[in-house]
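Asker: Let me begin by handing over the structure; questions about it come next.
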Amino acid sequence: MSKKTILITGCSSGIGYDAAHGLRERGWRVFAACRAQADCDRLRAEGFEAPRIDYEDEASIASGLAEVLEATGGRLDALFNNGAYAVPGPVEDVPTEALRTIFQANLIGWHDLTRQVIPVMRAQGHGRIVQCSSVLGLVAMKWRGAYVATKFALEGLSDAMRMELSGTGIEVSILDPGPIETAFRQNAIKQFEKWIDWENSVRVEEYRADLLTQLYEGSSKGPQWPAGAVTKKLVHALEAARPKPRYYVTTPTYVMGVLRRVLPARALDWIISKG
C-alpha cells in the first residue's frame, strides 16, 4: 500500500517543521509547504517535497496544491492548516488594513486551500482536515485582539465545517495549543513594527509599562512546551479511527477550557489579567 499523504503548511519552523519531521518518521509522505521559497529550498535539501504556499497569495495556494496533486496522482489523505501570526496592540490601534491582512493570512487563505482540498477528499471518500488554532481561540487576552479574532473565527468555521461534512468520510479536528516554543514572538515583532504607531497612541504609557517588555523581552509567566506536544495530538487526529473534534495542547489550554465554561465573563477577565 502506498504511503498516506499529507500537506502541511507553515513548515519553515516551529509546529509545522516538527510535524513534518514527526509524520515522515511515522511513514507519511509529507508535503511540507512554506510561504518563502528559500524555506522551501531548505526543506527540499532535507528530503521533503516542499511546495510554496503563502496564504496571502491566492495564486500560490492554487499552484502549490496543484503541485501536490500532480505528485500524488490526484490523492490527498490529510491537510494540516498551520502557520499564523499576530499583530500585537490594542484593538483601537490596529489599522483596518492590518486586520484585513491578518484575516487573509490566518483564516481566509486557510478557507481557500481547504475548499480546494475538500472535492479531492470527497471524490476519494475519505480525508482528515486538521486546523491549528490556539488557546486564544477559546479565551481572549488584551493586546492580542487581532489574532484572537482570527482564531475565534477559525474555531467557529471549523465547527460548522465538521458538522457539514459528517457522513462524507472527511473528518475535521481542531488543535488548541497553548504556549509552544516557536518563533511566534519574533514574527509578531515584525508585524508590530509594520503596523502599530505606538509612540503616537493615547496608550503610549501602557505600551512602555507592559506590551513592549512582553514583546521584545518575552514573558516569564510560565513554561513553554516543545512543538512535539502539538505533533503528538496531530498524530491522533490523523490516525485514530474516531478523531476528536478538538484537542487541547498544554496545561494552560486545559485550564482555560474549563474556566471559560464555569466562570462569568468578568471573573475570567480578572484571572486572565493576572496571568
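A quick yes/no check of all residues on (1) closer than 18 Å to I118 by Cα; (2) hydrophobic (A, V, I, L, M, F, W, C):
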residue	(1), (2)
I6	yes, yes
A20	no, yes
Q37	no, no
I53	yes, yes
E56	no, no
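Asker: So if I check each of G10, G27, G89, which one is under 18 Å from the mean Cα position of the chain (by Cα) and either surrounded by fewer than 21 Cβ atoms within 10 Å (Cβ to Cβ) or under 30 Å from T213 (Cβ atoms) (or both)?
Answerer: Numbers: G27 fails: under 18 Å from the mean Cα position of the chain (by Cα); G89 fails: under 18 Å from the mean Cα position of the chain (by Cα).
The unique qualifying residue is G10.
Asker: Kindly evaluate L69 against the criterion of being more than 22 Å from I180 (Cα to Cα) and crowded, with 19+ Cβ neighbours inside 10 Å.
Answerer: On the way: more than 22 Å from I180 (Cα to Cα): yes; crowded, with 19+ Cβ neighbours inside 10 Å: no.
Here the answer is no, as L69 does not meet what is asked.
Asker: Looking at the structure I just gave you, is Q186 crowded, with 20+ Cβ neighbours inside 10 Å and polar (S, T, N, Q)?
Answerer: On the way: crowded, with 20+ Cβ neighbours inside 10 Å: no; polar (S, T, N, Q): yes.
Here the answer is no, as Q186 does not meet what is asked.
Asker: Just wondering, is there one or more residues in region 149-168 that are crowded, with 21+ Cβ neighbours inside 10 Å, of a type outside the set (D, E, K, R), part of a loop (DSSP other than H, G, I, E, B) and at pLDDT 95 or above?
Answerer: For region 149-168, residues crowded, with 21+ Cβ neighbours inside 10 Å, of a type outside the set (D, E, K, R), part of a loop (DSSP other than H, G, I, E, B) and at pLDDT 95 or above: absent.
Asker: Condition (residue is surrounded by 15 or more Cβ atoms within 10 Å (Cβ to Cβ) and either modelled with pLDDT under 95 or within 30 Å of R29 (Cα to Cα) (or both)) applied to region 195-204: is it met by at least one residue?
Answerer: Initial filter on region 195-204 (surrounded by 15 or more Cβ atoms within 10 Å (Cβ to Cβ)): 195-196, 198, 201, 203.
Restricting the remaining residues to those that are either modelled with pLDDT under 95 or within 30 Å of R29 (Cα to Cα) (or both) gives none.
Among the residues of region 195-204, not one is surrounded by 15 or more Cβ atoms within 10 Å (Cβ to Cβ) and either modelled with pLDDT under 95 or within 30 Å of R29 (Cα to Cα) (or both), which makes the answer no.
Asker: Now for a separate question. Filter region 109-145 for residues that are farther than 22 Å from V230 by Cβ and of a type outside the set (K, R) and give the result. So that I can check it myself, show each step before the final result.
Answerer: Restricting attention to region 109-145, the residues satisfying the condition of being farther than 22 Å from V230 by Cβ are 112, 115-116, 118-126, 142-143, 145.
Listed by number, the residues that qualify are D112, Q116, I118, P119, V120, M121, A123, Q124, G125, H126, W143, G145.
Asker: Quick one: how many residues across region 77-86 are crowded, with 23+ Cβ neighbours inside 10 Å and out of contact with any Cys (no Cβ under 9 Å at 6 or more places or on another chain)? Break it down stepwise before answering.
Answerer: Of the residues in region 77-86, the ones crowded, with 23+ Cβ neighbours inside 10 Å are 78-84, 86.
Filter once more, so that each one left must be out of contact with any Cys (no Cβ under 9 Å at 6 or more places or on another chain): 78-79, 86.
Final tally of qualifying residues: 3.
Asker: Another question about this same structure. Considering only residues that are part of a helix (DSSP H, G or I) and surrounded by fewer than 24 Cβ atoms within 10 Å (Cβ to Cβ), which ones fall in region 136-145?
Answerer: We begin by selecting, within region 136-145, every residue part of a helix (DSSP H, G or I); these are 136-137, 145.
Passing the criteria: L136, G145.
Asker: I've got another one for you. Looking at region 219-253, which of its residues are touching a strand residue (DSSP E or B) at 6+ places or on another chain (Cβ under 6 Å) and at positive phi?
Answerer: The one that is touching a strand residue (DSSP E or B) at 6+ places or on another chain (Cβ under 6 Å) and at positive phi: T250.
Asker: Any idea which of (1) more than 26 Å from L23 (Cβ to Cβ); (2) modelled with pLDDT under 95; (3) touching a helix residue (DSSP H, G or I) at 6+ places or on another chain (Cβ under 8 Å) is the one A183 doesn't satisfy?
Answerer: Going through (1) more than 26 Å from L23 (Cβ to Cβ); (2) modelled with pLDDT under 95; (3) touching a helix residue (DSSP H, G or I) at 6+ places or on another chain (Cβ under 8 Å) one by one, A183 breaks only (1).
Asker: Still on this model: Can you tell me how many residues within region 205-242 are crowded, with 18+ Cβ neighbours inside 10 Å and over 22 Å from the mean Cα position of the chain (by Cα)?
Answerer: 2
Asker: Any idea which of V148, V135, V204 is more than 30 Å from D77 (Cβ to Cβ), in contact with a Gly (Cβ under 9 Å, 6 or more places away or on another chain) and not charged (D, E, K, R)? Reasoning before the result, please.
Answerer: On the way: V135 fails: more than 30 Å from D77 (Cβ to Cβ); V204 fails: in contact with a Gly (Cβ under 9 Å, 6 or more places away or on another chain).
So the residue among V148, V135, V204 that is more than 30 Å from D77 (Cβ to Cβ), in contact with a Gly (Cβ under 9 Å, 6 or more places away or on another chain) and not charged (D, E, K, R) is V148.
Asker: Next question, about the same structure. Give all pairs with beta carbons closer than 9 Å in which a residue from region 197-217 that is within 27 Å of T182 (Cβ to Cβ) meets a residue that is modelled with pLDDT under 95 and among the small types (G, A, S); count only pairs at least 6 apart in sequence or on separate chains.
Answerer: T213/S219
Asker: Hey, does region 243-254 have a residue that's assigned to a helix (DSSP H, G or I) and either surrounded by fewer than 11 Cβ atoms within 10 Å (Cβ to Cβ) or of a type in the set (A, V, I, L, M) (or both)? So that I can check it myself, show each step before the final result.
Answerer: Initially, region 243-254 is screened for residues assigned to a helix (DSSP H, G or I), giving 251-254.
Right, trim to either surrounded by fewer than 11 Cβ atoms within 10 Å (Cβ to Cβ) or of a type in the set (A, V, I, L, M) (or both) and you get none.
No, because not a single residue in region 243-254 is assigned to a helix (DSSP H, G or I) and either surrounded by fewer than 11 Cβ atoms within 10 Å (Cβ to Cβ) or of a type in the set (A, V, I, L, M) (or both).
Asker: Are any residues in region 135-150 in contact (Cβ under 8 Å) with a residue 60 or more places away in the chain and of a type in the set (K, R), and if so, which ones? Write out each step before concluding.
Answerer: Keep residues of region 135-150 that are in contact (Cβ under 8 Å) with a residue 60 or more places away in the chain, which gives 135, 138-143, 146-147, 150.
The answer is K142, and nothing else.
The values are calculated or read from the model by the stated rules, or taken from the named source; none is laboratory data. All figures in this text were calculated on a predicted structure; none of them were measured in a lab. Neighbour counts run over all protein chains shown; Cβ positions are idealised from the backbone, glycine included.
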